[in-house]
Structures are given as C-alpha cells and as structure tokens.
1. Kindly check whether there is at least one residue in segment 22-33 that is out of contact with any His (no Cβ under 9 Å at 6 or more places or on another chain), closer than 30 Å to Lys147 by Cα and at pLDDT below 95.
2. Checking Glu146 against (1) closer than 29 Å to Ser53 by Cβ; (2) surrounded by fewer than 16 Cβ atoms within 10 Å (Cβ to Cβ): exactly one of these is not met. Which one?
3. Being closer than 30 Å to Ser164 by Cβ, of a type in the set (Gly, Ala, Ser) and either surrounded by 15 or more Cβ atoms within 10 Å (Cβ to Cβ) or at pLDDT 90 or above (or both) is the requirement here; does Ala40 meet it?
4. In segment 137-174, which residue that is polar (S, T, N, Q) and under 18 Å from Glu39 (Cα atoms) is nearest to the chain's Cα centre (by Cα)?
5. Sort out which residues of segment 103-127 are touching a Lys or Arg at 6+ places or on another chain (Cβ under 9 Å) and either hydrophobic (A, V, I, L, M, F, W, C) or surrounded by fewer than 16 Cβ atoms within 10 Å (Cβ to Cβ) (or both), and write them in order of number.
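The values are calculated or read from the model by the stated rules, or taken from the named source; none is laboratory data. A quick note: this is a predicted structure, and the numbers were derived from the prediction, not measured. With ideal geometry, Cβ positions are generated from the backbone for all residues, glycine too; neighbour counts draw on all protein chains shown.
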Amino acid sequence: MRLTIIAIAIALPGVAAAAPAPALSWGKPRVSLATYRAEAIGCGMRAYYTDVSDTKAAQSFVEGTRRIDATLGASSATPLPGVSSAQAAQDAIGNYTTVQQIVHSVHPEEGFQEIKDLQGSLVAKCLIDHGYHRFHLTDAQRKRLEKLKVGSEERHAYLHKLASDPEILSTQAEPDPGTAAQ
C-alpha cells in the first residue's frame, strides 16, 4: 500500500510547492509568546491527529489504492512461458495507463483540499475557543514575513508581535470563520 501512496504522490506535481505568506493570521491581545506558541501548536496538533478516515476523500483514496494494488498485483505474477519481452512491455504500459486512470478518477487534488479544509476549520474553531480572532496582514507585513525563514525563531517572534498587538488586531480585524454576515 505504501508503494501505491507513493505512486499517487508522484502523479501530483507541485503538491508540496512553497506558498507565499498568508493574507490572514490569528491573534489575541497581549497574549504572551509562550501561550501563543503553545495554543497554536496545540490547535494544530489537534487538527493534524483528527481521524479523517470517514471523509469522502479518505474513502476515495482507499478505494483507489485497492484498485491500483489489484492492477499492479495482477501484473506482478511470473510471466507465462512464451510471452515475449515486447508483450511484457506492452502489458506494463497498459498497467501504467490503468494506474493513471485510477489516480485521475480518485481526484486526489480535491481530496487533499477537502482534508486540508477540514483540518483548517478544526484549527479555526480551536483558536476561536482560545479567544483568538482573525486579522489581515498588510502588504508590508506580508513582504517582511516572506523574508523570514519558515519555522525560525525570528518569524515566530514577528508573527507574535503582530498577533498580540491590540491596535493591529483592531484596525486589521477580519470576520472569524462562521461569524461573517450571511
């Protein structure tokens, strides 16, 4: 099954591409850096470890994996006597095409997005439960953030400085998910 997951991942060019600095972030007035980091990590971990096996996306991935395993398993049998290498190559091409069709039918980009959206909504709910609210970053703030290495102490400190500043949170406030006027 691991090989199948690798095959699906290879079929998705650019999935792990770097993203620009986000337009929105979360903040809580005067929150300490230690609390800010702990609550952010806690909410992220809660979403990361949420069981997604009941989602349509996960079930689609499992079904696609079964179909690919069946296709590849059927082709891995010892070649029959009298089968030419040209026929074996043709069979391999046919299996590759079948695997591509299966991967396409699973709609992996949509499935990954569904799971990402679910995890994002879980993080948002957790942060709101901890008293955080969304705010937008100005162009200047985003440009500065893009210059800071992801995961660095300097980046964490800069985001915290923005996220704990009551003035920024007030003037750059955005509606929290689920609270926007409908």
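1. Looking for residues that are out of contact with any His (no Cβ under 9 Å at 6 or more places or on another chain), closer than 30 Å to Lys147 by Cα and at pLDDT below 95, one finds at least one in segment 22-33, hence yes.
2. (1)
3. Yes, satisfied.
4. Once the filter is applied, the top-ranked residue is Ser152.
5. Across segment 103-127, the qualifying residues are Ser105, Val106, Leu122, Val123, Ala124, Cys126, Leu127.
One line per residue, one yes/no per condition, for (1) touching a residue at least 24 places away in the same chain (Cβ under 8 Å); (2) small (Gly, Ala, Ser); (3) outside any strand (DSSP E or B); (4) at negative phi:
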{"position": "Ser105", "(1), (2), (3), (4)": "yes, yes, yes, yes"}
{"position": "Glu109", "(1), (2), (3), (4)": "yes, no, yes, yes"}
{"position": "Ser121", "(1), (2), (3), (4)": "yes, yes, yes, yes"}
{"position": "Ala124", "(1), (2), (3), (4)": "yes, yes, yes, yes"}
{"position": "Phe135", "(1), (2), (3), (4)": "yes, no, no, yes"}
{"position": "Leu145", "(1), (2), (3), (4)": "yes, no, yes, yes"}
{"position": "His160", "(1), (2), (3), (4)": "yes, no, yes, yes"}
{"position": "Leu169", "(1), (2), (3), (4)": "yes, no, yes, yes"}
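Results for (1) at pLDDT below 80; (2) under 30 Å from Ala173 (Cβ atoms); (3) touching an Asp or Glu at 6+ places or on another chain (Cβ under 6 Å), shown as yes or no for each residue.
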| residue | (1), (2), (3) |
| --- | --- |
| Asp54 | no, no, no |
| Thr78 | yes, no, no |
| Ala92 | yes, no, no |
| Ser121 | no, yes, no |
